[in-house]
Amino acid sequence: MPRKPRKWYRGAKYHITSRGVRKSSLFYDDQDRYKYLELLTEAKERFPFLLYTFCLMTNHIHLQIETIDHSPSDIMKLLHTKYAKYFNKRYDFSGHVFESRFGAELIESLEYEIEVNKYIHLNPLRAKIVDRLSEYPWSSYPFYLKGDDHPLVATSYILSYFSDPPIKSYHEYIQSPNCYLYLLPNGKLVYLPKEKQLIQEFIGTSNLLVRKNVVGNKRDSVFLSRRMNDSC
């Protein structure tokens, strides 16, 4: 049975995931990780796209991208074909390196886009590989701590939604578990703990309109916006 075509259009954004075959390791050492990032850079040059977030784990990868003129299938086929050839040659393996088809979850809201960025960056912490995210060199999180766009990673887009100083605000958001995002009319995000009492208190003391949505993969979020005659 033929595969169902992925939904794609110019400017589409995705959370891309891929695992090693039978959940085996994709990276045995830092040389493998450097090679993957080198090939990712080459794929970005061949089929231009914006990379907002990445994380290389032992047996899987996460990428958060925005396409330009090429589908994620074009990008990932080039990247993973080259990496599989390198990997099999280096370790004298044969056969598949990646398990089945890569995942490509379409991102269709700003709130979920920010959540995906956080989810990807928290992977090493959740896996208890490090005690602090800044200690993990194989994700884009260190680039966000510097704040400048890198030839590989575009950080300014995500950081632009955080209030001044954006790097500090972003870091605090990443370190804050179980919080809701709120997009204000001034284009900046604020976040609050999910505790119902705190949210009700915030609503009760601010002239706010409330809109409740379900965003991506059955995650609940509440988004608030100030009335237009309020100042931010």
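The values are calculated or read from the model by the stated rules, or taken from the named source; none is laboratory data. Quick caveat: nothing in here was measured; it's all calculated off a predicted structure. Here the Cβ is made from the backbone with ideal geometry for all residues, glycine too, and neighbour counts use every protein chain on show.
Scanning the range 53-89 for residues that are touching a helix residue (DSSP H, G or I) at 6+ places or on another chain (Cβ under 6 Å) and over 22 Å from Ser100 (Cβ atoms) gives a single hit, Thr53. All told, Tyr34 meets the bar of being hydroxyl-bearing (Ser, Thr, Tyr), assigned to a helix (DSSP H, G or I) and at pLDDT 95 or above. Flag: Ser25 does not match the condition of being outside any loop (DSSP other than H, G, I, E, B), hydroxyl-bearing (Ser, Thr, Tyr) and at pLDDT 95 or above.
Each residue in the range 178-189 was checked for being out of contact with any helix residue (DSSP H, G or I) (no Cβ under 9 Å at 6 or more places or on another chain) and either surrounded by 12 or more Cβ atoms within 10 Å (Cβ to Cβ) or modelled with pLDDT under 80 (or both), and 3 pass.
Looking only at the range 56-73, decide whether some residue is surrounded by fewer than 21 Cβ atoms within 10 Å (Cβ to Cβ), assigned by TED's automatic domain parsing to the domain that holds Ser25, part of a helix (DSSP H, G or I) and among the charged types (D, E, K, R). No, that holds for no residue.
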